[in-house]
Structures are given as C-alpha cells and as structure tokens.
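The values are calculated or read from the model by the stated rules, or taken from the named source; none is laboratory data. Small disclaimer: the values here were computed from a predicted structure and weren't measured. When we count neighbours, we look across all protein chains shown, and the Cβ atoms used for this are built from the backbone with ideal geometry, even at glycine. Side chains included, ligands, DNA and RNA excluded: accessible areas come from the protein's heavy atoms. Shrake-Rupley method; radii C 1.70, N 1.55, O 1.52, S 1.80 Å.
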Amino acid sequence: SSPLEANKGKTIAFDVCALDNGLENPGFMAIELFYGEADVDDTGEAAADAQKMLTYYELDLGLNHVARKWSEPVDNGANKLIPVPGGSDGPGGVIVCCENFLLYRAEKHEEIRCVIPRRTSLDSER
C-alpha cells in the first residue's frame, strides 16, 4: 500500500516517542490533535468535538522518507507515551498515559486498558 502523507498542518503534537523495532525500519508514535476546524469555528463546537489521535510514523530507509502508517482515536486525556521494548526483546508498541488509566497500544494488537488506583477521597468525576 502507498504511504500516507506524513506532514500535516494545524496539528498539535502532545508527545512523540521513538519505538524499538529491532532491525526493521525505525518508527515512532505521536499523540496529535488537529485544530484546523476549531480555528475557523466561532461557535466553539468544533473545539469541543476535537479528538486526539495516536499516530504511527515509519522512516523508510530505502526511500529515505517518513510515512504516516496509521492513526487511531485515543482518549482526550492522553498526555504521555512510554515505549515498550520490541524486536526480539518484547512485543513493542507504547503505553499511553491518560487521566486515571493507562493504555497499551501496538499495531495488530488489541488495546489493553489498566485503571490507575485512586484515593477514595477524590471526586468520582476527576
């Protein structure tokens, strides 16, 4: 399949991390938010509906260019990425830190969600 265009304007990158792909092409993931529609919407609806995306990029060493391989919605509370060892050392992918829980995400792997233990004195909405 042909690669997607990697450069994308009007996008905020909240975090970017390099992935361990062993001897395969280098890859990295990013938490991104496209704000193009919110920039021109005076009502504020587009800003309220904006969705963060977890995007996987790969550097093709043969063609010497970066390609966006896939992009999936992620919780809007996502703010930090932690790489998981890959190649022959582990499954690869990332741990996505969100408000109150963690997600494990990797290509061709089901999402795993882990709730962070909370104090009973905290509000349930927080």
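For GLN51 and LEU102, the difference between the fully extended length at 0.36 nm per residue and the C-alpha to C-alpha distance is 16.6 nm. Computed from label points 7 Å out along Cα-Cβ, the spacing between LEU61 and ARG113 is 3.8 nm.
If R0 is taken as 22 Å, the Cβ-Cβ distance between ASN25 and GLU72 corresponds to a FRET efficiency of 0.65. Which label belongs to the value computed from this structure, given these candidates for volume of the Cα convex hull per residue in Å³: (1) 127; (2) 105; (3) 137? Only one option fits the structure, namely (1).
The ASP123 and ILE12 beta-carbon pair, evaluated with R₀ = 22 Å, returns a calculated FRET efficiency of approximately 0.20. A Gaussian network model of the chain, with springs between Cα atoms under 10 Å, assigns the largest mean-square fluctuation among ASN64, ASN76, ASN25 to ASN64.
With all protein chains kept in place, the per residue accessible area of the chain amounts to 67 square angstrom at a probe of 1.4 angstrom. Neighbours of LEU33, meaning other residues whose beta-carbon lies under 14 angstrom from its beta-carbon, give a summed charge of -4 when Lys and Arg score +1 and Asp and Glu score -1. Probe radius 1.4 Å, ligands and nucleic acids ignored: give me the carbon and sulfur share of the accessible area of the chain as a rounded percent. It is 51 percent, rounded to a whole number. Taking Lys and Arg as +1 and Asp and Glu as -1, the other residues whose beta-carbon sits under 10 Å from that of TYR56 total 0.
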